[in-house]
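Q: Below is the structure I would like to discuss, written out as structure tokens.
The values are calculated or read from the model by the stated rules, or taken from the named source; none is laboratory data. Keep in mind the model is a prediction, meaning the values are calculated, not measured. Quick reminder, even Gly has a Cβ in these numbers, built from the backbone with ideal geometry, and neighbours come from all protein chains shown. Note: areas computed on protein heavy atoms with side chains; ligands, DNA, RNA excluded. Shrake-Rupley method; radii C 1.70, N 1.55, O 1.52, S 1.80 Å.
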Amino acid sequence: MRRSAGEIGFQTFNYIVLTLLGLVALFPVFYVLVVSLTPYIELVRNGGFVVFPKVVTFQAYAELLQDTKIMRALANSAYVTIVSTAIGVALSMMLAYGLSSRSMPGRNAILLLLLITMMFQGGMIPQYMLVKSLGLLNSYWALIFSGTVSVFNVLVMKSFIENLPQNLEEAALIDGSTEIGYLFKIVLPLSMPIIATISLFYAVSHWNSFFEAILYISDTGKHPLQAVLRSMLNTPDPSEMGDMTIVVPTESVKMAAVIISIIPVLVIYPFLQNYFTKGVLLGSVKG
Amino acid sequence: MKTIAESGRGAAIAGRSVPRLLRVIWKYKYRYLLIAPGLLYILIFKYGSLYGVSIAFLDYSPFLGITGSDWVGLKWFRVFWESPDFWKVTGNTIVISLMKIAFGMTPDIILALLLNEVGRSWFKRTIQTLTYMPHFLSWVIIYGILIAFLSPTSGLINFTLKEWGYQPVQFLTSNDWFRWIIIFSDIWKDIGWGAIIYLAALTAIDQQLYEAAKIDGAGRWKQTWHITLPGIRNVIVLLLILKMGTILDAGFTQIYAMYNPLVYDTADIIDTWVYRKGIIDNNFSLATAVGLFKSVIGLLLVLGANRLAKKFGDSGIW
């Protein structure tokens, strides 16, 4: 089929615009990486614009690795993310499987209880008072138990399980399998894609959260990386301070810290993307 | 006779039904056991805070507790409504939300339309991978990226301005700029993510319509105007309505991560104000009342939005 000149013109235009949009998405992260690797002197000399630095230095990263506060924050983030994700995925999957039986008495009432929380919440201060009265202030558990079970994720998992072939359960039960056996031998293996996707979503959201730590944890030694990074970013530039004797993080060190907090997300991102582009999450909330 | 027989049967069923219900429940015992821990979590961490909402109507003091504090009715709501902050924070919240809707929806739609025209699937996948990525970065990280570009001393844009002989601009502490920074960083973060739902709607359009239009001699613009856009109109309207339903949110974590006292005039929203009044100033009752005020209006807006969405022929969100 021959394509008209207008058609070719449009396609060229389209590819150019999309390439530019892709670069706009990528460039800021790339630039932060470059700043973290470039000696500050070279940045100043080149008016900030260094796309490929002549001298690459890992000094900023070396400084961060020796900074016990940052390393502690990294460990805090990893601990909270892993524990909270593990608990969250387990509870969500159990809820989703339990609620996937349409004929179970009380199912609709429980679903309604879950749905209401998506529309109405007590607000920040009552939540703070709750965490306080549970004795969790200043404890990692305040972070582990915030956002552990997302009703949205439960609904996504539930609709995935409901879409598994219906006759599997009957067949399994006829073969003498118990319901627990059915769950472990058939539902869980078949649900691995959705379990993986939801785990990654939980993990990213816990890794990225910072406000809960500021709200519940006054001991900054227990703060996760994102919260420490935020206060680090808010320290003024050394050039603004005048007094050079005070040790403050330079621009490069700040940007190196940004990169360190991005890396885990970028590492799991390809796996995540694999699933959501397949439309696993779309249209599954209804019903 | 018939009615007596029927009522007799009804009574018999009613008599049997309690043990039968128990038997049915027993049949599902493992499912209830599986549901229990998750449900317990929801009850404690989502419903547990509702008890604390009552302090919105009390003169709460932590020493007296909820039961010991005096009942003051709607006092804290009036305090908020009569304070000059009411107009400021409510106005900021609504303005920022409306700006996000007005400037944020079109880029999502355009990206989806452009991606939809791409024939080479590797190219489409690459662009999708790149544009979805920022969605997974936290607001603190994006704040860090913004500093790399906007910092008055070492940001790329200010370096460039200085090179060209201009004065550096204090973007992040300027009331003229801050809202635009909020809007643009929001678009940058979520343009790809927002396009997903439109892309899904686009694939649902009947391809025969395009074939027929081509035979009738319709060009690409006419096809877009008469087939593509009407095909995703319902999704656009639905998303618009849903976004109107969350107009009082405006993005707390984003603004909290990026704002500072110098931009309170343009960027202080209801949620950030509630945080400072409650946690920093220890005025728990006032902060809770304002939070409750926001939640109730928000709930009404969401319910109203869903009704409206149903009126537009779509099935709503639930």
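Q: Give the peptides B:238-247, B:130-139 in descending order of average Cβ contacts within 10 Å, highest first.
A: My ranking of the peptides, most packed first, is B:130-139, B:238-247.
Q: Still on this structure, please answer the following. With a 1.4 Å probe and all protein chains kept in place, how do B:268, B:206, B:186 rank by accessible area, largest first?
A: B:206, B:186, B:268
Q: Roughly how many whole Å is it from the C-alpha centroid of region A:133-204 to that of region A:42-89?
A: 33
Q: Right, something else. With runs of 4+ DSSP H residues as the only contributors, calculate the mean residue ellipticity of chain B at 222 nm using -39,500 (n - 2.57) per run, divided by the residue total and rounded to the nearest 500. Write down the numbers at each step before the final one.
A: Details: 16 runs with 218 residues, N = 318.
Helices in chain B give a 222 nm mean residue ellipticity of -22000 deg cm²/dmol.
Q: Can you give the longest run of chain A that contains no trypsin sites (Lys or Arg not before Pro) sitting in a DSSP loop with at most 10 other Cβ atoms inside 10 Å?
A: No qualifying site falls inside A:103-285, the longest such stretch.
Q: Which of rounded, prolate, oblate describes the protein assembly as shown, given a ≥ b ≥ c as roots of the alpha-carbon gyration tensor eigenvalues and a/c under 1.5 marking rounded, otherwise prolate only if a/b is larger than b/c? Kindly include the intermediate steps, with their values, before the conclusion.
A: Details: a/c = 1.67, a/b = 1.24, b/c = 1.35.
Verdict is oblate for the protein assembly as shown.
Q: Let me ask you something else. Counting only other chains, and only Cβ atoms inside 10 Å, what mean value do you get across the residues of A:194-200?
A: Numbers: counts 0, 0, 0, 0, 0, 0, 1.
That average works out to 0.
Q: Would chain B count as rounded, prolate or oblate if I go by the C-alpha gyration tensor, calling it rounded below 1.5 in a/c and otherwise prolate when a/b exceeds b/c, oblate otherwise?
A: oblate
Q: Give the lysines reachable from residue B:310 as a straight Cα distance under 23 Å; neighbours fewer than 8 places away on the same chain don't count.
A: Excluding near neighbours in sequence, the set is A:286, B:243.
Q: Which angle from 0 to 90°, rounded to the nearest 10, does the C-alpha axis of helix A:107-119 make with the longest principal axis of chain A?
A: Long axis of A:107-119 versus the principal axis of chain A: about 20 degrees.
Q: OK, next. Using a Gaussian network model of chain B with C-alpha springs under 10 Å, which one of B:210, B:32, B:47 is most mobile by mean-square fluctuation?
A: In this elastic network of chain B, the residue with the biggest mean-square fluctuation among B:210, B:32, B:47 is B:32.
Q: Amide H to amide H under 5 Å from residue A:235: which residues, 5+ apart in sequence or cross-chain, H placed 1.01 Å off N in plane?
A: HN-HN under 5 Å from residue A:235: empty list.
Q: How big is the accessible area of residue B:301 in square angstrom, nearest 10, if you roll a 1.4 angstrom probe over the protein chains?
A: Using a 1.4 Å probe on the heavy atoms, I get roughly 60 Å².
Q: For region B:84-138, run through the trypsin sites (Lys or Arg not before Pro) and keep only the ones in DSSP coil with at most 12 other Cβ atoms within 10 Å of their Cβ.
A: Of the trypsin sites (Lys or Arg not before Pro), the ones in loops of region B:84-138 whose Cβ has at most 12 other Cβ atoms within 10 Å are B:120.
Q: Moving on to the next point. When the Karplus curve 6.51 cos²θ - 1.76 cosθ + 1.60 is applied with θ = phi - 60°, which whole-Hz ³J(HN,Hα) does each residue of region A:131-141 get, with x for Gly and Pro?
A: After applying 6.51 cos²θ - 1.76 cosθ + 1.60, I find 4, 5, 6, 7, x, 9, 4, 6, 10, 4, 5 Hz.
Q: Sticking with this one: Mind listing the long-range amide H neighbours of residue B:58? Cut-off is under 5 Å, sequence gap 5 or more, other chains count too, H placed in the peptide plane at 1.01 Å from N.
A: Those lying under 5 Å, H to H, from residue B:58 are B:72.
Q: If you take the beta carbon distance between residue A:10 and residue B:237 as r and set R0 to 30 Å, what does 1/(1 + (r/R0)^6) give as a FRET efficiency, to the nearest 0.05?
A: After rounding to 0.05, the efficiency reads 0.65.
Q: Taking θ = phi - 60°, what integer Hz values does the Karplus form 6.51 cos²θ - 1.76 cosθ + 1.60 yield along region B:175-181, in sequence order, with x for Gly and Pro?
A: 5, 6, 9, 4, 4, 5, 5
Q: For residue B:83, what residues show an amide H to amide H distance below 5 Å, using hydrogens built from the backbone and excluding near sequence neighbours?
A: Sorted by chain and number, the residues that satisfy this come to none at all.
Q: Just checking the output field for A:111-124: average partner chain Cβ neighbours within 10 Å of each residue's Cβ?
A: That average works out to 6.
Q: If you add up the charges near residue B:99, with Lys and Arg at +1 and Asp and Glu at -1, over every other residue whose beta carbon is less than 13 angstrom from its beta carbon, what do you get?
A: On the way: positive: B:100, B:179, B:243; negative: B:186.
Here the count lands on +2.
Q: If you take each beta carbon of peptide A:20-30 and count the beta carbons of other chains within 10 angstrom, what is the mean?
A: 6
Q: Counting only C-alpha contacts under 8 Å and six or more residues apart, can you give the relative contact order of chain B as a whole percent?
A: 24 percent.
Q: How large is ³J(HN,Hα) for each residue in region A:178-188, as worked out from phi by the Karplus curve 6.51 cos²θ - 1.76 cosθ + 1.60 (θ = phi - 60°), to whole Hz, x for Gly and Pro?
A: 7, 5, 5, x, 4, 4, 6, 8, 10, 5, 4
Q: Using the crude model of +1 on Lys and Arg Cβ and -1 on Asp and Glu Cβ, and no other charge, please compute the dipole size for region B:66-188 relative to its Cα centre, in debye to 20.
A: 240
Q: On a 0 to 90 degree scale, rounded to 10, what angle separates helix A:192-208 from the longest Cα axis of chain A?
A: So the inclination is approximately 40 degrees.
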